[in-house]
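Below is one structure, written out as C-alpha cells, with a few remarks after it.
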Amino acid sequence: MSIPNDAPTKARLIADLQAEGLHDKRVIEALEKIPRECFVPVQLQSRAYENVALPIGDDQTISQPTVVAHMVQAGAPRPTDHVLEIGTGSGYCAAVLSHLARDVVTVEIRPDLAMSAARRLAELGCDNVHVIVADGSLGWSALAPYDVIIATAATPGLSPVLLDQLAANGGRLVAPVGSLRRQKLVYAERHGERIDSQSLGSVRFVPLVGAGGFHLPDSRKN
C-alpha cells in the first residue's frame, strides 16, 4: 500500500510528543527506531504516525503514541531492567521497551494477537521480548520480580497481584486505573511493604479482563 505524501511523518509525531512533555532521550530514540506502520493493519498504514489510537482487530487498539510515550517515560526502564508488560496487543509498546530494557516479558490472553505480535517482533529483531499467552491480569509470577510493570489495559484498582511481582526496592508500576469509562494513569513505586502512588492524568483504555481485571458479559479477555 502506498502512503500519501501528506501523511503524518514519524519526525512530526515525535516533535508533537516532545511539545506535550516527552523529554527522555532514550525513549525518543526508541520511538525513532520503531516503525509503527508495521503494527497497524495495512489499510491504516497511512495513519500510522497520527497521534491517535487505531484499531488492530478483535475489538483492540494500538494505543495513542502520546500514551505509549508517557507510560514508558514514567516507568523509566533502564538497560539492566527486567520488564513485564500486561497486554501485548499489536506488540508496539513491547518493541519500544525492548530498546530500553534488558528484557521484556509481555503477556497477552488472545492467542491470535500474541502470535502475530511475536512474529512481528521477531521480524524486527526484538529478540529480548518473550511473548506469553496467559491471563495478564495475574501478571507472570514465574519470572518475577520485575523492575518495571506496564499495563496497557484498564484495571479496576491497583492490583495487589502485580504489586507483589514488583522488585521490593524501587519496582515501578504504570497502569490505567478506574472504571470502564474513566481512568487515571497511575504510577506506583514499591519500597518493601510500602507502596507510593500518584496520578499522571486522565486516560481511556480498553478493559483488562480476567481473574484480576474486569468481569464483562463478553467472555473474551484481554
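A few remarks follow.
- Some residue of the range 71-82 being part of a strand (DSSP E or B), of a type outside the set (D, E, K, R) and touching a Pro at 6+ places or on another chain (Cβ under 7 Å): no
- Among residues of the range 22-34, those that are more than 16 Å from the chain's Cα centre (by Cα) and touching a residue at least 60 places away in the same chain (Cβ under 8 Å), counted: 3
- The set of residues in the range 124-133 being free of Cβ contacts under 8 Å to residues at least 40 places away in the same chain and not small (G, A, S) consists of C126, D127, N128, V129, H130, I132, V133.
- Residues in the range 71-100 that are hydrophobic (A, V, I, L, M, F, W, C) and buried (at least 24 other Cβ atoms within 10 Å of the Cβ): M71, V72, V83, L84, I86, C93, A94, A95, V96, L97.
- Selection of strands (runs of 3 or more DSSP E) fully inside the range 129-183 by the criterion of at least 1 residues being at pLDDT below 95 returns 169-178.
- Test: V107 is outside any loop (DSSP other than H, G, I, E, B), within 14 Å of L162 (Cα to Cα) and touching a Leu at 6+ places or on another chain (Cβ under 8 Å): yes
- The range 185-209: number of residues that are surrounded by 18 or more Cβ atoms within 10 Å (Cβ to Cβ) and in a loop (DSSP other than H, G, I, E, B): 3
- Qualifying positions in the range 76-123 - more than 15 Å from L173 (Cβ to Cβ), touching a residue at least 40 places away in the same chain (Cβ under 8 Å) and in contact with a His (Cβ under 8 Å, 6 or more places away or on another chain): none
- For the range 42-82, the set of residues classified as in contact with a Phe, Trp or Tyr (Cβ under 6 Å, 6 or more places away or on another chain) and at pLDDT 95 or above consists of A74, H82, listed by residue number.
The values are calculated or read from the model by the stated rules, or taken from the named source; none is laboratory data. Remember, it's a predicted structure, so these values are computed and weren't measured experimentally. We place every Cβ from the backbone using ideal geometry, glycine too, and count neighbours over all the protein chains shown.
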